[in-house]
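Beneath this line is the structure, given in structure tokens, with notes to follow.
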Amino acid sequence: MKLIKVKDYQEMSSVASNYISNQVRKHNPFTLGLATGGTPKKTYELLIDDHKNNGTSYSHVTTFNLDEYIGLTKEDSNSYHYYMKHALFKYIDINPKNIFIPDGLSENIEQECAEYEQKIRTYGGVNLQLLGIGANGHIGFNEPGTPFSSQTHVVELTPSTRTANARYFNSIKHVPTHAITMGIASIMASKEILLLVSGEEKSQALKHLLSDEAPTENFPASILRKHPCVTIIADIDALKDL
Ligand code: GLP
């Protein structure tokens, strides 16, 4: 794993957006894996600026998002459909037909998971997967204990993840209990991974990730040590325990 150390959230976002935009300009077609949460928000803003100012086009790009809550409509401001539309998609020239996010309202969730996994394959797999990390080491919504062999599946969110994400909802009661997420094996199948880590609350997770212990399912992100092409961009606050 390659580690890029940066000063703060702003610099992390700027390095990440340059990294992504370079790849988008270089490869046609291109399949980009996207993440939600607070961490990539500024990166998306900078990608929009880059699209406007430098003309980087997304007309040849297909995107697959990591996860979606079960039970929220696409118009719900806490759904990841809503997040992606307003954080990125409505400002760039991507073809809406090339945007894929799991459907958390599907009547047949098991089938939705299987079809999502299949769709990623149909597009030849993800070229570059953007990732954040949970304080407990979760990636996507793969909580500790998730098998490394998992593909897109339904998860029950842990109390700690629901509490961490409650800041976006009126109260913890409104945070969904379940989600669909790409599995660990789905994430590991991407050709390249870009992991963003910012802030003191992630410093223990980053320390754990960078240790040279054997990967364990109790800390999902630890499997990234086995991936041949991972770049981590981490700021000083996240690096404080190293
Ligand atoms: C969320 C998302 C993850 C995200 C992580 C960290 O629950 N499902 O994809 O990477 O938790 O979120 P944040 O960037 O807000 O700290």
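Some points to look at:
- Any hit, segment 17-24, residues being within 16 Å of the ligand (Cβ to nearest atom) and either surrounded by fewer than 20 Cβ atoms within 10 Å (Cβ to Cβ) or among the hydrophobic types (A, V, I, L, M, F, W, C) (or both): yes
- Search result, residues across segment 36-67 that are buried (at least 19 other Cβ atoms within 10 Å of the Cβ), within 14 Å of the ligand (Cβ to nearest atom) and not polar (S, T, N, Q): P40, K42, Y44, F64, L66, D67
- Flag if I70 is under 26 Å from N165 (Cβ atoms) and more than 16 Å from the ligand (Cβ to nearest atom): no
- Within segment 20-37, tally of residues that are closer than 13 Å to L194 by Cα and either touching a Pro at 6+ places or on another chain (Cβ under 8 Å) or of a type in the set (G, A, S) (or both): 4
- Test for I99: is it farther than 22 Å from K119 by Cα, more than 14 Å from the ligand (Cβ to nearest atom), in contact with a helix residue (DSSP H, G or I) (Cβ under 8 Å, 6 or more places away or on another chain) and aliphatic (A, V, I, L, M): no
- For the residues E107, E117, the requirement of being acidic (D, E), closer than 21 Å to K74 by Cβ and outside any loop (DSSP other than H, G, I, E, B) singles out E117.
- Among the residues of segment 27-53, those identified as under 24 Å from D8 (Cα atoms) and in a helix (DSSP H, G or I) are K41, K42, T43, Y44, E45, L46, L47, I48, D49, D50, H51, N53.
- Helices (runs of 4 or more DSSP H) wholly inside segment 124-220 containing at least 1 residues that are within 15 Å of the ligand (Cβ to nearest atom), without any contact (Cβ under 8 Å) to a residue 24 or more places away in the chain and surrounded by fewer than 22 Cβ atoms within 10 Å (Cβ to Cβ): 159-165
- Residue in segment 82-92 that is in a loop (DSSP other than H, G, I, E, B), in contact with a His (Cβ under 6 Å, 6 or more places away or on another chain) and within 24 Å of S190 (Cα to Cα) present: yes
- Picking from residues in segment 113-122 that are within 16 Å of G33 (Cβ to Cβ) and surrounded by fewer than 16 Cβ atoms within 10 Å (Cβ to Cβ), the one that is nearest to the ligand (Cβ to nearest atom) is K119.
- Boolean, E45 is of a type in the set (D, E) and within 16 Å of the chain's Cα centre (by Cα): yes
Every read-out reported here was derived from the displayed coordinates using simple, explicitly stated rules and does not represent laboratory data. Remember, it's a predicted structure, so these values are computed and weren't measured experimentally. Positions of Cβ are generated from backbone atoms using ideal geometry, with glycine treated the same way; all protein chains shown enter the neighbour counts.
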